[in-house]
Amino acid sequence: MAAPILPAHPLYGLPLDCELAVVFETEDPFHMPLDRLESLIEDTEPGTEMRGYLCGLYDLRRAVVYARGH
């Protein structure tokens, strides 16, 4: 069931040798500091699926922070 979904994911088409792919290999976006995630968003071209994906991760992370009361 996941096979048809994977090609539609923004990370699926990310070249393995690009800077963002290297970042995701070495850092977990769900645990990196929010300012690091913000810098990745700023470095990503506006209006792209990848920027939307990163903004979604950022929003999710901030929601978790607010839900925990930190």
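The values are calculated or read from the model by the stated rules, or taken from the named source; none is laboratory data. Small disclaimer: the values here were computed from a predicted structure and weren't measured. Backbone-built Cβ (ideal geometry, glycine too); neighbour counts: all protein chains shown. Quick note on the areas: whole protein, heavy atoms, side chains included, nothing else; ligands and nucleic acids left out. Shrake-Rupley method; radii C 1.70, N 1.55, O 1.52, S 1.80 Å.
State in Å² the accessible area per residue of the chain; use a 1.4 Å probe, count heavy atoms of protein chains only, and round to the nearest integer.
Details: 5180 Å² over 70 residues.
Normalised by residue count, the accessible surface of the chain is 74 Å².
Order of 17-24, 48-55, 34-41 by packing, highest average Cβ count within 10 Å first?
Working: 17-24: 12.1, 48-55: 15.5, 34-41: 13.9.
Ranking, from highest mean packing down: 48-55, 34-41, 17-24.
Pairs of Cα atoms in the chain fall into 5 Å distance bins, from 0 up to the last occupied one, in shares of 3, 15, 24, 25, 18, 10, 5, 1 percent.
Using 0.36 nm times the number of residues separating residue 19 and residue 59, minus their current alpha carbon distance, what extension gain do you get? If you can, show how the numbers build up before the last one.
Numbers: separation 40, 0.36 × 40 = 14.40 nm, distance 2.22 nm.
Difference between extended and current length: 12.2 nm.
Could you tell me what percent of the accessible area of the chain is made up of carbon and sulfur, with a 1.4 Å probe and every protein chain present? Carbon and sulfur together cover 59 percent of it. Contact order for the chain, expressed relative to its length and based on alpha carbon pairs under 8 Å spaced 6+ residues apart, stands at 27 percent.
Just from its helices, what would the mean residue ellipticity at 222 nm be for the chain, if runs of 4 or more DSSP H residues each count -39500 (n - 2.57) and the sum is divided by every residue, rounded to the nearest 500 deg cm²/dmol?
-16500 deg cm²/dmol, from helical runs alone.
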